[in-house]
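> I am attaching a structure below and will ask some questions about it afterwards.
The values are calculated or read from the model by the stated rules, or taken from the named source; none is laboratory data. Model, not experiment: these values are computed from the prediction. Note: ideal-geometry Cβ built from the backbone for every residue, glycine included; neighbour counts use all protein chains shown. For the accessible areas, the whole protein counts, side chains as well, though only heavy atoms, and no ligand, DNA or RNA atoms are used. Shrake-Rupley method; radii C 1.70, N 1.55, O 1.52, S 1.80 Å.
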Amino acid sequence: MGEDDQCCYLISEDKITGERIGTCSFMADKNNVYDLAYCVDKKHWGKGYATETAKALINYAKAHSGEKATIWVNKRNAASNKVAQKCGGVPVKESSYIKRGTDQRYEDVMYEIVL
């Protein structure tokens, strides 16, 4: 998707049709902790693509000497919380923020996966 010194951005596609399914990214820090992110287009929800994407990112991190992976998820996003748990994620931290330009507060949980 573009060049960035700190983050690798990718587009996920259907293996057969090549149709774009969503996006994903990862950043690795100096301690070999990979912060993972994924997003699936709404028309593809419920098909297992988020889990497949997250597992592929985790496998990449393992293959590149990653020691841990983290995934931040909105507490109210039940499906994404389930994906993080299916991938072996354990909740280790919570955070909240107010979305810029609004008064909406969002609550997040960070899942950690030991690789």
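> ³J(HN,Hα) across segment 105-115 via Karplus (A = 6.51, B = -1.76, C = 1.60, θ = phi - 60°), whole Hz, x for Gly/Pro?
9, 10, 10, 10, 10, 9, 9, 10, 10, 7, 8
> So, counting K/R as plus one and D/E as minus one, what does the shell of residues with Cβ under 12 Å around I11 add up to?
It works out to a net charge of -3.
> How large is the accessible surface per residue of the chain, computed with a 1.4 Å probe and reported in Å² as a whole number?
That works out to 68 Å² per residue.
> Then there's this: Averaged over all directions, how much area does the convex hull of the C-alpha atoms of the chain cover when projected, in nm²?
8.2
> What does the charge add up to near D41, with Lys and Arg as +1, Asp and Glu as -1, over the other residues with Cβ less than 10 Å from its Cβ?
With Lys, Arg at +1 and Asp, Glu at -1, the neighbours total +2.
> Calculate what fraction, in whole %, of the accessible area of the chain sits on carbon and sulfur atoms when a 1.4 Å probe is rolled over the protein chains.
Reported share for carbon and sulfur atoms: 49 percent.
> Under a 10 Å cutoff between Cα atoms, tell me which one of G66, G48, G89 has the largest fluctuation in the Gaussian network model of the chain.
The residue that fluctuates most here is G48.
> With a 1.4 Å probe and all protein chains kept in place, how do H64, H44 rank by accessible area, largest first?
H64, H44
> Follow-up. At q = 0.25 Å⁻¹, what log₁₀ I(q)/I(0) does segment 17-80 have when each alpha carbon counts as one equal point scatterer in the Debye sum?
Debye intensities relative to I(0), on a log10 scale: -1.08.
> Suppose every Lys and Arg Cβ carries +1 and every Asp and Glu Cβ carries -1, with no other charges. What dipole size does the chain come out with about its Cα centre, to the nearest 20 debye?
Computed charge dipole of the chain: roughly 480 debye.
> Which loop-located GluC sites (Glu not before Pro) does segment 12-87 contain, where loop means any DSSP state but H, G, I, E or B and the Cβ has at most 15 other Cβ atoms within 10 Å?
E19, E67
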